[in-house]
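A quick write-up on the structure given underneath.
The values are calculated or read from the model by the stated rules, or taken from the named source; none is laboratory data. Here the structure is a predicted model, which is why all the values come from computation and not from measurement. Please note: Cβ atoms are built from the backbone with ideal geometry, for glycine as well, and neighbour counts cover all protein chains shown.
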Amino acid sequence: MIDKIPRVMLYCLTCTLVIECAAAAVIGIRKIKDFLFVILVNVMTNPVLVSLTFFIRLAYGRTAYYCSLAALEIAAVLIEGAVYKFTLKNRINPFLISLILNTSSFFIGELINKTKIPGVFL
């Protein structure tokens, strides 16, 4: 199981980037520079979140996993919102942007994981 961590992390990051960039386009982000910030922010937060929740689930079980996932997702929204506040020049509140993008990637990711589409899973 541990040997799959790099592939799982790359898969999670790739899915997150695709989903959040698409969601950013839907809410009106248009500048290439702003998309690059969305990508860089996720490169900063996603691997930390995925690896921490993976090891917490492995060490402490499902309940601890869900508690840590909730706490880390909230932290990611706040951290990303703070970064967006200084980098994105958009009329939308940066914390709202972060909440929309993170909610989109979380729920679409859950949908992908629950549907068990052949060839998509590692």
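Taking the options C12, C21, name whichever one is under 20 Å from L111 (Cα atoms), at pLDDT 95 or above and either not in a helix (DSSP H, G or I) or not aliphatic (A, V, I, L, M) (or both).
C21
I'd like the residue in the range 79-117 that is exposed (fewer than 14 other Cβ atoms within 10 Å of the Cβ) and aromatic (F, W, Y) and, out of all such residues, is modelled with the highest pLDDT.
Among residues in the range 79-117 that are exposed (fewer than 14 other Cβ atoms within 10 Å of the Cβ) and aromatic (F, W, Y), the one modelled with the highest pLDDT is F107.
When you go through V50, V41 one by one, which is the residue that is over 11 Å from L101 (Cα atoms), in contact (Cβ under 8 Å) with a residue 40 or more places away in the chain and in contact with an Asp or Glu (Cβ under 6 Å, 6 or more places away or on another chain)?
Every option except V41 fails the conditions.
S98: part of a helix (DSSP H, G or I) and under 16 Å from V8 (Cα atoms), yes or no?
No: the conditions fail for S98.
Evaluate the following for A23: is it free of Cβ contacts under 8 Å to residues at least 60 places away in the same chain and out of contact with any strand residue (DSSP E or B) (no Cβ under 9 Å at 6 or more places or on another chain)?
The answer is no for A23.
Restricting to the range 28-60, what's the tally of residues that are in contact with a helix residue (DSSP H, G or I) (Cβ under 7 Å, 6 or more places away or on another chain) and not in a helix (DSSP H, G or I)?
Here the count works out to 1.
Would you be able to tell me the number of residues in the range 38-55 that are crowded, with 18+ Cβ neighbours inside 10 Å and either hydrophobic (A, V, I, L, M, F, W, C) or at pLDDT below 95 (or both)?
Final tally of qualifying residues: 6.
Do you know which residues across the range 69-90 are part of a helix (DSSP H, G or I), out of contact with any Pro (no Cβ under 9 Å at 6 or more places or on another chain) and over 17 Å from G109 (Cα atoms)?
A71, A75, L78, I79
Only one of A71, A23 is out of contact with any helix residue (DSSP H, G or I) (no Cβ under 7 Å at 6 or more places or on another chain) and surrounded by 12 or more Cβ atoms within 10 Å (Cβ to Cβ); which?
Checking each option against the conditions leaves just A71.
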